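Just below is one structure, and these are the notes that go with it.
The values are calculated or read from the model by the stated rules, or taken from the named source; none is laboratory data. No experiment lies behind these values; they were computed from the predicted model shown. Note that we place each Cβ from the backbone using ideal geometry, even for glycine, and neighbour counts take in every protein chain shown.
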Amino acid sequence: MKKSSFVAMVLGTVSVVLFALGMCMATIPEWDAFKPGIMFGCVGLVFGLITLIVWRKMEHKQPIHLNGKTVLTVVIGVVGALALGVGMCFSMVWGELVMGVVIGFVGIAILLCLIPLTKGIKD
């Protein structure tokens, strides 16, 4: 394993754990930790951005340049992930199984649209 991959794996794991813990703290009312949960989630997001920057620097890659395709890709990824999460909430939290499955499938379809957008379609 390359050093850059190991560093990215460790930093990525820390960022995901912090973000997940923060979201649990913010959304589970029994924990009564909304504000600290939001702070943990934000720290997790910042660690995620740091992970991306450190990994790209260790791999000697150019910084990400923002253009229309990059912004569109991020927006589609966020919308797809939110749709999938809302579908899961409908199914597991609010007891609306059919609606949750439909919304979840829409989210999965949106996320699958990222493959041809990023990789392209070739013969």
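Taking the criterion of being modelled with pLDDT under 90, within 28 Å of residue 102 (Cα to Cα) and either touching a His at 6+ places or on another chain (Cβ under 6 Å) or in a helix (DSSP H, G or I) (or both), would at least one residue in region 29-38 satisfy it?
Yes: region 29-38 contains one or more residues that are modelled with pLDDT under 90, within 28 Å of residue 102 (Cα to Cα) and either touching a His at 6+ places or on another chain (Cβ under 6 Å) or in a helix (DSSP H, G or I) (or both).
What pairs come out if I take residues in region 108-123 that are touching a residue at least 12 places away in the same chain (Cβ under 8 Å) and among the hydroxyl-bearing types (Ser, Thr, Tyr) and pair them with residues that are surrounded by 10 or more Cβ atoms within 10 Å (Cβ to Cβ) and part of a helix (DSSP H, G or I) whose C-beta lies under 7 Å away, six or more apart or interchain?
Close Cβ pairs satisfying both conditions: 118/73.
Does residue 38 count as within 18 Å of the chain's Cα centre (by Cα), over 25 Å from residue 116 (Cβ atoms) and surrounded by 12 or more Cβ atoms within 10 Å (Cβ to Cβ)?
yes
Quick one: is residue 46 among the aliphatic types (A, V, I, L, M), within 19 Å of residue 12 (Cα to Cα) and loosely packed, with under 14 Cβ neighbours inside 10 Å?
In short, yes.
Quick one: would you say residue 85 is in contact with a helix residue (DSSP H, G or I) (Cβ under 6 Å, 6 or more places away or on another chain) and surrounded by 13 or more Cβ atoms within 10 Å (Cβ to Cβ)?
No; evaluated as a whole, the condition is false for this residue.
Tally the residues that are of a type in the set (Lys, Arg) and either closer than 28 Å to residue 49 by Cβ or assigned to a helix (DSSP H, G or I) (or both), restricting the search to region 74-123.
Count: 1.
Out of all the residues in region 56-109, which are touching a Ser or Thr at 6+ places or on another chain (Cβ under 6 Å) and either in the same structural domain as residue 2 (by TED's automatic domain parsing) or at pLDDT below 90 (or both)?
Result: 58, 59.
Just checking, does region 109-120 include any residue being charged (D, E, K, R), under 20 Å from the mean Cα position of the chain (by Cα) and within 25 Å of residue 2 (Cβ to Cβ)?
The answer is yes, given that some residue of region 109-120 is charged (D, E, K, R), under 20 Å from the mean Cα position of the chain (by Cα) and within 25 Å of residue 2 (Cβ to Cβ).
Check off (1) farther than 25 Å from residue 108 by Cα; (2) in contact with a helix residue (DSSP H, G or I) (Cβ under 9 Å, 6 or more places away or on another chain); (3) part of a helix (DSSP H, G or I) for residue 62 and give me the number that stays unchecked.
So residue 62 meets the others, but not (3).
Where residues in region 20-54 are in contact (Cβ under 8 Å) with a residue 24 or more places away in the chain and among the small types (Gly, Ala, Ser), which of them is farthest from residue 7 (Cα to Cα)?
By that ranking, first place goes to 20.
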